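Report on one structure; see the data block that follows.
Derivation of every value follows stated rules applied to the coordinates shown; laboratory data play no part. If you're wondering where the values come from, they're calculated on a predicted model, not measured in any experiment. Cβ placement follows ideal geometry from the backbone for every residue including glycine, while neighbour counts extend to all protein chains displayed.
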Amino acid sequence: MQVERASNFIHEIIEDDIKANKHNGIVQTRFPPEPNGYLHIGHAKSICLNFGIAQKYSGKCNLRFDDTNPAKEETEYVDSIMEDVRWLGFNWDAVYYASDYFDQMYIWAEQLILQGDAFVDDSTGEEIRLSRGTLTEPGKESPYRNRTINENLELFRGMRSGTFPDSSKTLRAKIDMNSPNINMRDPIMYRILRANHHRTGDKWCIYPMYDWAHGESDSIEKVTHSICTLEFENHRPLYDWFLEKLGIFHPRQIEFARLNITYTLMSKRKLLELVNENYVTGWDDPRMPTICGYRRRGYTPESIRLFADRIGVAKRDNMIDVAQLENCVREDLNKSANRMMAVLNPLKVVIENYADNFTENLNGVNNPEDAAKGSRTIKFSKEIYIEQDDFMENPSKQFHRLAPGTEVRLRYAYIIKCEKVIKNEQGEVIELRCSYDIDTKSGTGTSPKKVKGTIHWVSAEFGKSSEVRLYDRLFTIEDPAGIKDGNWRDAINPHSLVVVSDAKIEPALSECVVGDRVQFERLGYFAVDKDSTADKIVFNRAVSLRDSWAKIEKKNK
RNA sequence: UGCCGAGUCGUCUAACGGUAGGACAGCGGCCUUUGGAGCCGUAUGCAGAGGUUCGAAUCCUCUCUCGGCAGCCA
């Protein structure tokens, strides 16, 4: 799909730079995830932005794992991140790891020590916290701040070689404890931490902090535009300070507002908790806002890219209506998904005047939006299932479906009339007896008869059984992250998953394979889940169709 | 209370001193063998107050509101 990229303030900056021949007109970006969790749709926004810029301006975009904290990072996450970026449809120019640069960073750290711009601090974590000051009060200088260059160098080498216990010392940039920007109050560059790193193993016992690693990694990669989210805005002075002190290639950091979606949580930490506390079945649970969750649910990469394009990029905080995302999914799937028939809540219908043991082959169009998708044969028989919702014993005037004595068209088949309603002892409707009009067969064009409604159905004889999982928003309130008093867990929607264990599907549907996406006519878009077995295929509802009847019903209440 | 940043329809997003436009959501209608899709129409917005200007969402001043920052996380 051709995604037209709307212009935004970052594109403008880049276009100005190109015009000014900055960096000889070269554009280099990067997507820098920390491999400590799965990617979510917020990352997708960033991925589309960074890779999209590379495409638009004939530049390059790297994938770089920001793996400076071995305590949290795992190879499992690295693998999933690469899979998700590829699935979204992007190819990186190179894969790098911040850990690839540990040696270079170490050399640069010694350079700063030599320049008198960094020192080894023996203060404890508590002491550092206390001396940092507050938002309104300046900090106090560490008593170790004025060590000699040689002493600092010796101690720092000791830190690296494992002479000192974990957390007993840090390397700090020597900047300004009075700075109104707390990030500039002698920020920590290295901490001593004996942890096995997913790539460097036990080679290092000191690890660089984000601020000390990020800009330097960008610089090594000659990133021209280092795009990150708003919470790093206050870090930019420090980002620039390091690069200036080092005198190395200086990328420009640009911040944009991260994505928020209604009824959705977007923090990796909270998503991890949802997984660990079994509120969902895993990172790829179709209710999760993760890339793999959406993938499993049936969303397409195109739909997510379209969404990223539609929502734009700016600096103001935002809360995107989840309907916006769902609309993108519908828009894409409407074009690409084949139509099939499935009945979620079956109500048996016996067509009394239809011959016993007779069947007919009907023709169903696979996709009215795409003639190339062809058609299929659907078998019709005397006993069928229709949707319980498509029958109403005492209908309102606006109800266009089946009711006692009324007529409705069966999609691709005949017009039937409800002759008799059969109920059980509890008074529930369990079966309908209908008659069909042989002159109304679909496609013949011979019948002058018009009916207002057309409903879907599945042959009782030829249909198959299926499990269908209906997903709804995971949270009951628009901004679960914004809950002040109380727990976001309280806002979890207890009905976010409804399992239909015995849905009836037309035979062609049972031939679908995992990942296939189809439209169940009049119901929504569904995707075959990986839990499917040879005996039972499982469908996930990606998104329902727009339901104007539901709207009418709602209004009448 | 310090610093940084942001305020445009309900929600997003455009406008670069010259008619406030688009998308989603809403509403009304058309069409329809999916109450789908599509099509048409429609309401709602420049945080406030001053100023500069022939003309301000845009430039200036003040005010208000919201967000971020006090991890050896990123």
quick note, the range A:178-320, DSSP beta bridge pairs, % antiparallel (nearest 5) is 40
Between the residues A:46, A:548, A:282, the Cα farthest towards the positive end of the dipole of chain A, that dipole coming from +1 and -1 charges on the beta-carbon of Lys, Arg, Asp and Glu, is from A:548
Looking only at aspartates and glutamates whose Cα falls under 12 Å of residue A:335's and that sit 8 or more positions away or on another chain, we get A:302, A:369, A:370
Beyond 24 Å (Cα-Cα) in this structure, taken from A:449/A:557; A:56/A:245; A:379/A:441, we find A:449/A:557; A:56/A:245
Here, residue A:489 and residue A:420, labelled 7 Å along Cα→Cβ, have an inter-label distance in nm of 5.6
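Rounded to the nearest 5, what % of DSSP beta bridges with both residues in chain A are antiparallel? Present the calculation step by step, with values, prior to reporting the outcome.
Details: 56 of 83 bridges.
Given both bridge residues lie in chain A, the antiparallel proportion sits at roughly 65 percent.
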Extension length gain for residue A:318 and residue A:203 (0.36 nm per residue less Cα distance), in nm, is 37.1 nm
Taking alpha-carbon centroids only, the range A:127-182 lies from the range A:238-277 a number of Å equal to 25
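DSSP loop GluC sites (Glu not before Pro) in the range A:48-105 with at most 14 other Cβ atoms within 10 Å of their Cβ, which ones? The partial results should precede the final answer.
Numbers: sites: A:73, A:74, A:76, A:83; in loops: A:73, A:74.
Passing sites in the range A:48-105 are A:74.
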Between the Cα axis of helix A:102-114 and the main Cα principal axis of chain A, the angle (0 to 90°, nearest 10) is 40
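When the dipole is taken about the Cα centre of chain A, and only Lys, Arg (+1) and Asp, Glu (-1) are charged at their Cβ, what size is it in debye, to the nearest 20? Display every interim value, and only then the final one.
On the way: 77 positive and 85 negative charges, 276 e Å.
In total the dipole reaches around 1320 debye.
Can you compute the charge dipole magnitude of the range A:170-222 about its Cα centre, using +1 on each Lys and Arg Cβ and -1 on each Asp and Glu Cβ, nothing else charged? Give it in debye, rounded to the nearest 20.
Working: 8 positive and 7 negative charges, 47 e Å.
With Lys and Arg at +1 and Asp and Glu at -1, about 220 debye.
For the range A:1-125, rounded, prolate or oblate, judged on the Cα gyration tensor with a ≥ b ≥ c (square roots of eigenvalues), a/c < 1.5 rounded, else prolate if a/b > b/c? Let's see the in-between values first.
Values: a/c = 2.52, a/b = 1.37, b/c = 1.85.
Note, shape of the range A:1-125 comes out oblate.
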Taking chain A and counting helices only, DSSP H stretches of n ≥ 4 at -39,500 (n - 2.57) each over all residues, the nearest-500 ellipticity at 222 nm comes to -8000 deg cm²/dmol
Placing each pseudo-label 7 Å from Cα in the direction of the beta carbon, residue A:267 and residue A:430 end up separated by a distance in nanometres of 5.2
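About the Cα centre of the range A:234-385, how large is the charge dipole given +1 on each Lys and Arg Cβ and -1 on each Asp and Glu Cβ? Please answer in debye to the nearest 20.
Here the range A:234-385 has a charge dipole of around 420 debye.
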Listed by chain and number, the residues whose amide H is under 5 Å from that of residue A:454, excluding neighbours fewer than 5 places away on the same chain and using placed H, are A:409
Tilt, helix A:210-220 to longest principal axis of chain A (alpha-carbon atoms), in degrees rounded to tens, equals 90
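Cα-Cα over 28 Å: which of A:19/A:45; A:268/A:504; A:270/A:555; A:423/A:504; A:530/A:551; A:22/A:203? Please list the in-between numbers first.
Values: A:19/A:45 26 Å; A:268/A:504 38 Å; A:270/A:555 36 Å; A:423/A:504 21 Å; A:530/A:551 33 Å; A:22/A:203 38 Å.
Among A:19/A:45; A:268/A:504; A:270/A:555; A:423/A:504; A:530/A:551; A:22/A:203, the Cα-Cα distance tops 28 Å for A:268/A:504; A:270/A:555; A:530/A:551; A:22/A:203.
Percent relative contact order of chain A, based on C-alpha pairs within less than 8 angstrom and at least six residues apart?
Numbers: 1067 pairs, mean separation 64.7, N = 557.
Taking the mean separation of contacting Cα pairs over the length of chain A, I get 12 percent.
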The ³J(HN,Hα) series, computed from each phi in the range A:531-546 with the Karplus coefficients 6.51, -1.76 and 1.60 at θ = phi - 60°, rounded to the nearest Hz and given as x for glycine or proline, is 6, 4, 10, 4, 7, 9, 8, 10, 10, 9, 7, 6, 7, 7, 6, 4
Extend 7 Å from the Cα of residue A:231 along its Cα-to-C-beta direction; within the range A:475-504, residues with backbone N under 17 Å of that point are A:480-484, A:488
Listed by chain and number, the aspartates and glutamates with an alpha carbon less than 12 angstrom from that of residue A:536, same-chain partners under 8 positions apart left out, are A:467, A:502, A:511
Sequence order, the range A:247-254: Karplus ³J(HN,Hα) from phi using 6.51 cos²θ - 1.76 cosθ + 1.60, θ = phi - 60°, Hz rounded, Gly and Pro as x, gives x, 10, 3, 10, x, 9, 7, 10
Taking placed amide H atoms and a strict 5 Å upper bound, the residues 5 or more places from residue A:542 or on another chain that come that close are A:525, A:526, A:527
Longest principal axis of chain A (C-alpha) makes with the long axis of helix A:301-311 (C-alpha) an angle, in degrees to the nearest 10, of 70
Of the candidates A:192, A:475, A:247, the farthest towards the positive dipole end of chain A (Lys/Arg Cβ +1, Asp/Glu Cβ -1, centred on the Cα centre) is A:475
